[in-house]
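The values are calculated or read from the model by the stated rules, or taken from the named source; none is laboratory data. None of the values given here were measured: they were computed from a predicted structure. Heads up, the Cβs are rebuilt from the backbone with ideal geometry, glycines too, and the neighbour counts pull from every protein chain shown. These area figures cover heavy atoms from the full protein model, side chains too; ligands, DNA and RNA do not enter into them. Shrake-Rupley method; radii C 1.70, N 1.55, O 1.52, S 1.80 Å.
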Amino acid sequence: MTSVSLGMPASPPPVLAPRRKTRQIHVGSVGVGSEYPISVQSMTTTPTTDINATLQQIAELTAAGCDIVRVACPSADDAEALPIIAKKSQIPVIADIHFQPKYVFAAIEAGCAAVRVNPGNIRKFDDQVKEIAQAAKDHGTSIRIGVNAGSLDARLLKKYGKATPEALVESALWEASLFEEHDFHDFKISVKHNDPVVMVRAYELLAEQGDWPLHLGVTEAGPAFQGTIKSATAFGALLSRGIGDTIRVSLSAPPVEEVKVGIQILQSLNLRPRRLEIVSCPSCGRAQVDVYKLAEEVTAGLEGMTFPLRVAVMGCVVNGPGEAREADLGVASGNGKGQIFVKGEVIKTVSESEIVETLIEEAMKIAEEMGEADGEDASAGGPVVTVS
């Protein structure tokens, strides 16, 4: 059997800019900062008091590739659930705290890896920073200072008139200074806004002011399609310049979808190793097969694979052979037939009805070879689809 060189290149793939240098912190077992990979976060939608449902959702997020998960803690009952959730979760848990500062201490005592605090809506937050910093330091808990346009301090709203980039940054800088005044440095910062332009400018300004790790987010981004576009635009603008150390795509959709989008954004910028990628043409008057159907069926058939395999599903003779040759595996379709390529070489020609089955079979063969070489399981995760 001919040896086929597949998978990730020996040298790291190129990126648009080096990472902005930051201090390094830890959220449980996950390192955060410029010396660590950019991590993907999401947030559970289950009531935190429903421990089993919350742990089940965390398991689903973990399987999708989520690195860190946040859970809401708006009540005493939620706080009581935190110790079990933090202990049994497969990934680090961040407690999301608003309004009641006592839950910050409860989350730290519960063993949460980190606590997200929103200074704009926690009563007398500034007066308790010293105690929070000491408790977090004693337990090895990191903090996220989460400034949000929707809950900005009234004093700053009065000063700036609205949640401008400058207002968001001033809030973040003030809170950061309070923690640092008490010799606490294990924190990251976010300055979220629902407008990507405002959000990007706020992070640009913040990045110039210090070396804190930054958590990126477009807050209230919207339904899946709109939120994906807004997040990809904002994150791309910042990550392409090396700004950003953790990300959370906020969607009005199941949290697993947030993780999928976040991972794809990072993969598109070569900031996370690519998984299965399906390149398919957008279809046009030249297409001689139903490309949409072919791409969907191949994607469904390869669901569950995570190996860095590029599969081209092309529908005409203009770009088809070229794209298929450039991919690890591909098909150039036309006249009721499909030429199957493996690493640039035509290995067979099959009828249109056999294209999907043949591509899946060949992909599984390649994945099996790669799995045997790497000692990995070829059946975890899911494919990524690119339309070109």
*Hey, PHE105 at negative phi, open to solvent by less than 10 Å² (accessible area, probe 1.4 Å), touching a residue at least 24 places away in the same chain (Cβ under 8 Å) and of a type in the set (Phe, Trp, Tyr) or not*: no
*For residues in the range 220-264 being open to solvent by 10 Å² or more (accessible area, probe 1.4 Å) and of a type in the set (Val, Ile, Thr), which is nearest to ALA53 (Cα to Cα)?*
VAL256
*For the range 46-82, how many residues are open to solvent by 60 Å² or more (accessible area, probe 1.4 Å) and not hydroxyl-bearing (Ser, Thr, Tyr)?*
9
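I need the full set of residues from the range 64-116 which are among the β-branched types (Val, Ile, Thr) and touching a His at 6+ places or on another chain (Cβ under 7 Å), in order please. Before you say what the answer is, go through the steps one by one.
Initial filter on the range 64-116 (among the β-branched types (Val, Ile, Thr)): 68-69, 71, 84-85, 91, 93-94, 97, 104, 108, 115.
The answer is ILE108, and nothing else.
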_Candidate set from the range 299-355 (those that are basic (Lys, Arg) and at pLDDT below 90); member that is nearest to PRO12 (Cα to Cα)_ = ARG310
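Applying the selection to the range 221-248, what residues are touching a residue at least 40 places away in the same chain (Cβ under 8 Å) and not in a helix (DSSP H, G or I)?
Going through the range 221-248, the residues touching a residue at least 40 places away in the same chain (Cβ under 8 Å) turn out to be 237, 239-248.
Passing the criteria: SER240, ARG241, GLY242, ILE243, GLY244, ASP245, THR246, ILE247, ARG248.
What are the residues in the range 309-331 that are among the small types (Gly, Ala, Ser) and open to solvent by 10 Å² or more (accessible area, probe 1.4 Å), if any? Walk me through it before giving the result.
Step one: list which residues in the range 309-331 are among the small types (Gly, Ala, Ser), which gives 312, 315, 320, 322, 324, 327, 330.
GLY322, the sole residue that qualifies.
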*Filter the range 57-76 for residues that are under 17 Å from ILE38 (Cβ atoms), modelled with pLDDT under 95 and hydrophobic (A, V, I, L, M, F, W, C) and give the result.*
ALA64
*Given ALA207, ALA133, which one is of a type in the set (A, V, I, L, M, F, W, C) and touching a helix residue (DSSP H, G or I) at 6+ places or on another chain (Cβ under 7 Å)?*
ALA133
*Does any residue of the range 27-42 turn out to be within 17 Å of the chain's Cα centre (by Cα), modelled with pLDDT of 95 or more, farther than 23 Å from PRO273 by Cα and open to solvent by less than 70 Å² (accessible area, probe 1.4 Å)?*
no
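Taking SER190, is it small (Gly, Ala, Ser) and surrounded by fewer than 24 Cβ atoms within 10 Å (Cβ to Cβ)? Spell out how you get there, then give the answer.
Values: small (Gly, Ala, Ser): yes; surrounded by fewer than 24 Cβ atoms within 10 Å (Cβ to Cβ): no.
Criteria not met by SER190.
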